[in-house]
1. If I model a spin label at Tyr44 and Ile224 as a point 7 Å from the Cα along the Cα→Cβ vector, what separation in nanometres do I get?
2. Counting only C-alpha contacts under 8 Å and six or more residues apart, can you give the relative contact order of the range 154-224 as a whole percent?
3. Hey, what did the range 276-346 get for relative contact order, percent, Cα under 8 Å, at least 6 apart?
4. Given an 8 Å cut-off on Cα distances and at least 6 residues of separation, report the relative contact order of the range 116-187 as a percent.
5. Could you list the trypsin sites (Lys or Arg not before Pro) in the range 1-107 that lie in coil according to DSSP, counting only those with at most 13 other Cβ atoms within 10 Å of their Cβ?
6. Compute the label zone of Ala110 within the range 15-39: residues whose backbone N is under 13 Å from the point 7 Å along Cα-to-Cβ.
7. For Thr133, list long-range residues whose amide hydrogen, built 1.01 Å from N in the peptide plane, is under 5 Å from its own amide hydrogen.
8. Using 0.36 nm per residue of separation minus the Cα-Cα distance, give me the extension gain between Tyr169 and Phe215 in nm, one decimal.
Amino acid sequence: MTKVLQYIIVCYAFFVPLSRAGIVFFSMILIVSWLFEAGFQKKYRLLSQSKVILSLFAFLLFNVIALLWSDDIFNAYKYILKYWYFLPIVVLFTSLQKEYVSKVLSAFIAGMLLSEIISYGIFFEIWDFNGATSKNPSPFMHHIEYSIFLAFTALILLGRMFNHQDTKYKIVYSLFFITITGNLFLNAGRTGQVAFLLGIFVLALLSFKNKLKAFVVFILLTTIISLFALNFSSTFKTRITQGKENLVQAVEQQEYCSSLGSRVGACIVASDMVTDNLILGVGIVDNMQVFHQRIDEKYPKMKCLHPIFMHMHNQFFQITTQLGIIGLLIFLTLFYTIFRLPIRSEEYKNIKYTYVILLMFSFIPEVLFHRQFSMALFTLIVGLLLAQYRIENEV
């Protein structure tokens, strides 16, 4: 059963960027196989001693407790139930074997390569796929999520370019890095694009002892990538121009009906809600009901937000309005424990830092902790990091 479980984990990693059905199927198979694997005494010991697992459990438990002050119990329960996508974390942490850790990461990268090929085919109008267009060639998920997947994968490849000793592998990683970075900037997701540039800075600092060299590498890479994107990607250029105009209109003219303008408006309303419900928030799901009521009562210029805002489009405000400052602190503690996880492997240490920082930035314009693909990516990466930590500390 243990060997079968390893293969299932590899399959899970491959399908994380490709298929909603694949995520559901392999998540369920992983959990069932893990139960049949037995060895629960050791598994319980590992789980009970992990600060990351305990922090995640505390966050989920506090969500359940929040049902006490949530009025729409049925929909709140459905909202919380979606967190089951995080269950495979315990499978990877307790059962992934040493020789399969790199295979799992490679399977994810292979899945991203297939996704990239399909995306380029859409962009060049070679084929139609899943309603995606040449202006937004995101084949399987929302363009914001896809941009984050692309940015994260590109950073993994860039880290290997910086640190791998074999020239042949450096060339292969460089070619893949170029194509996936190109895909990122053909995509309409500004979140991943900006997060990617921030990630380059972090990765350069981690990879080079000479901080001046790291800064020079960062400046050169970001300048070259930005110039190519502005000159060869009309989507990127248009989205950057629109973003600037949206922000100016929101700040100077109180125009909140654009993509970024609506997010500015949501922050204003959410801040108002947090002031009135600082400690515990207003409850799961109820936060959006209060949000729309507050717009009707105090912010008539933001009524255009009614049909397009099913959540806050900001992870931090989403949690604070639901669970208050207590819930937010528990949530941030989870990411602090991941960030502080002591991993000796340079590659996985870099992955840990870049992923957490990329995610923290991406939480500002979008609620990613409740989107299926992003939840699966979180599960995969945190599970891998915990498995690597466990393997390094096994006697």
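1. Output for this residue pair reads 5.5 nm.
2. Values: 43 pairs, mean separation 19.8, N = 71.
Worked out over the range 154-224, it gives 28 percent.
3. Working: 53 pairs, mean separation 32.3, N = 71.
The normalised contact order for the range 276-346 reaches 45 percent.
4. Numbers: 68 pairs, mean separation 22.9, N = 72.
Result for the range 116-187 is 32 percent.
5. Values: sites: Lys3, Arg20, Lys42, Lys43, Arg45, Lys51, Lys78, Lys82, Lys98, Lys103; in loops: none.
Answer in residue order: no site qualifies.
6. Taking a point 7 Å out along Cα→Cβ of Ala110, the residues of the range 15-39 whose backbone N falls under 13 Å are 15-16.
7. Long-range HN contacts for Thr133: Ser138.
8. Working: separation 46, 0.36 × 46 = 16.56 nm, distance 2.44 nm.
Length difference between fully extended and current span is 14.1 nm.
Values quoted throughout were computed directly from the atomic coordinates according to the rules given, and no laboratory measurement underlies them. Computed from a predicted structure; not experimentally measured. As a convention, Cβ positions derive from the backbone with ideal geometry for all residues, glycine included, and neighbour counts pool all protein chains shown.
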